[in-house]
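Structure first, commentary second.
What follows draws every value from the coordinates through simple rules; no lab data is involved. Computed from a prediction, not measured in an experiment: that's the story for all the values here. Every residue, glycine as well, gets a Cβ built from its backbone with ideal geometry; the counts of neighbours run over all protein chains shown.
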Amino acid sequence: MLPVANRPAGLALALTVAAVGACVDQPNPTEPPRGLRPHLAAGDLIVVTNTNGGNLSGSLRAAINQTTGGEVIRFDPSLAGAKITLDTTLDIPNPVTIEGPADKGIVIGGTGKFLILKVSQGATLVNVTITNGKANGSDVVGGILSTGPLILDHSTVSGNQGDFAAGIRGDKITLINSTVANNTVTTTTDPEAGINYDLGGELTLINSTVARNSGGGIGPFFGGGAIGKITLRNSIIANNGRDNCVRGTLGFVYEGNNISDDDSCGTGVFVMHIVDPLLGTLADNGGPTKTLALDRNSPAINATDCDLAVDQRYVPRDARCDIGAFEFVFTTVALTIDPGAHVDRSTGSAVITGTVECSRADQFDLTVDLEQDQKIKQFKSVTQATKTISIACETTTQPWVALLVPPSGGVFVNGDALASVRTGDQNGITPSATSRAIKLSVSRK
């Protein structure tokens, strides 16, 4: 028997779109925020204790087989970051929540021969990666096939294959702080390698990223029915192998700010920003699942109002959030200036020194200024000089050195001066500056 612990009744089964409509305080960025944490409406918490891909006691499949609807399936802490390689498609017949560990997540994968998840009445996936699935026969998609409400939160669907659809296919799909990337289709006829939604269904993307799929990003399956509703809120659909939004924009609703690098998802500054979001490759950037990092020059940075308190990695978002699943973290810089400086007697130039330390390894420029009030006979004057130096900054304290040459005819002399150093306004760097009074000493040689 699997370990089972009773849970209080009367709590919401899964995440809802309303639960993420506003930011909440985050006491610990490694844990799911309170407003996003799934709970039971009724039923039990079931704990998976091993990575067996079959029906062994304590396995994910055995946990699913126990459900009747309303359960939450979590994983023993020792399985954080582990991969469960299924031996065949995992059928989910009842509405459940599968929640991986918030720090390292859980990977549910296949052998590249079958569909990974088949959802009948709905499921919520939190901190989960779905990978290495392949469409086989009537399954038509490699990652997730859902005929009930499907919610992905802090999750990634990648590395799946299919004929016309590869990542996800369903009739009511919601992505929150999630990524669909690197999925591959084998056909060239209107394929949606990322997400395939029913023509009369619903797709909602909230601060999510659909990119680098070999076919289209998202598109409908023409199986009949009324026009559905596709809501794009602060999301990126870009860098896919063909149109990012296959077959047009019928039923599209735009909220916040969204980015696409073609006009297939709509045009106009209040609809869709047509620009390359400058995404990195899918990688472990921290958090429970892999993400597509933003380049420091990405137009997605600080481009929209905050809807969510954290990003896909549970990294806190700024008050002015980034578009997509990834929040760029600016480098912070600590600067000091040494109290004394040497002046070369022959040139009148001063060598100013100090230290720099960064929150992460980075490269940028420092601008150093030196100003000295001087009195020649009865006349007062000011000698100034500025120097910009390049810094390869580390997370440990290191020195910086700048040679400041006064303008023609000027020299620095013994005495007091004011020195300052600043990073300036540079992409990816939180501006930092400091200044202090220093003592200049002319060398004897």
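In segment 338-439, Cα pairs under 8 Å separated by at least six residues give a relative contact order of 33 percent.
Of the residues 154, 273, 342, which exhibits the maximal mean-square fluctuation in a Gaussian network model of the chain defined by a 10 Å Cα contact cut-off? Looking only at 154, 273, 342, the largest GNM fluctuation is found for 342. Highest mobility in the GNM of the chain, judged by mean-square fluctuation with C-alpha springs under 10 Å and restricted to 88, 124, 395, is found for 395.
Which entry is the computed log10 I(q)/I(0) by the Debye sum over Cα atoms at q = 0.08, 0.11 Å⁻¹ for this structure: (1) -0.82, -1.14; (2) -0.54, -0.82; (3) -0.50, -0.96? So the calculated entry is the one marked (2). Per-residue 3J(HN,Hα) values for segment 309-322, derived from phi via the Karplus relation 6.51 cos²θ - 1.76 cosθ + 1.60 with θ = phi - 60°, read 6, 9, 9, 4, 8, 6, 7, x, 8, 6, 4, 9, 7, 8 Hz in sequence order (x marks Gly and Pro).
For residue 227 and residue 305, a Förster radius of 35 Å and the Cβ-Cβ distance give a FRET efficiency of 0.80, rounded to the nearest 0.05.
Compute the length gained on full extension between residue 389 and residue 408: take 0.36 nm times their separation in residues and subtract their Cα-Cα distance, giving the result in nm to one decimal.
Extra length available between residue 389 and residue 408 comes to 4.8 nm.
Across the chain, the mean sequence separation of Cα contacts (distance under 8 Å, 6 or more residues apart), normalised by length, yields a relative contact order of 9 percent.
For segment 167-182, 3J(HN,Hα) computed residue by residue from phi via the Karplus equation (6.51, -1.76, 1.60; θ = phi - 60°) reads x, 9, 9, x, 9, 8, 10, 10, 10, 10, 6, 9, 10, 10, 8, 6 Hz, glycine and proline entered as x.
Sum up the charges of everything whose Cβ sits under 9 Å from the Cβ of residue 204, counting Lys and Arg as +1 and Asp and Glu as -1, but leave residue 204 out. Its environment carries a net charge of +2. Across the chain, the longest run free of exposed loop sites, meaning chymotrypsin sites (Phe, Trp or Tyr not before Pro) lying outside DSSP classes H, G, I, E and B with no more than 13 other Cβ atoms within 10 Å, spans 1-221. In this structure, the amide hydrogen of residue 218, modeled 1.01 Å from its nitrogen in the peptide plane, lies closer than 5 angstrom to those of 195, 245, 246, counting only residues at least 5 positions away or on a different chain. Calculated on C-alpha atoms, the gyration radius of segment 223-275 divided by its Kirkwood radius gives an Rg/Rh of 0.97. Applying the criteria of a DSSP loop state and at most 15 other Cβ atoms within 10 Å to the trypsin sites (Lys or Arg not before Pro) of segment 357-407 yields 360, 377.
The alpha carbon centroids of segment 402-428 and segment 262-326 are separated by 38 Å. Based on the Cβ-Cβ distance of residue 78 and residue 375, what FRET efficiency does E = 1/(1 + (r/R0)^6) give at R0 = 56 Å, to the nearest 0.05? After rounding, the FRET efficiency stands at 0.15.
Using bins of 5 Å that start at zero, the share of Cα-Cα pairs per bin across segment 333-442 amounts to 2, 12, 24, 22, 15, 11, 7, 4, 1, 1, 0, in whole %. Amide H contacts of residue 252 (H built 1.01 Å from N, in plane; Pro and chain starts excluded): 230 sit under 5 Å, all sequence-distant by 5 or more or on other chains.
For residue 115, the residues 5 or more places off, or on other chains, whose built amide H falls under 5 Å of its own are 134, 136.
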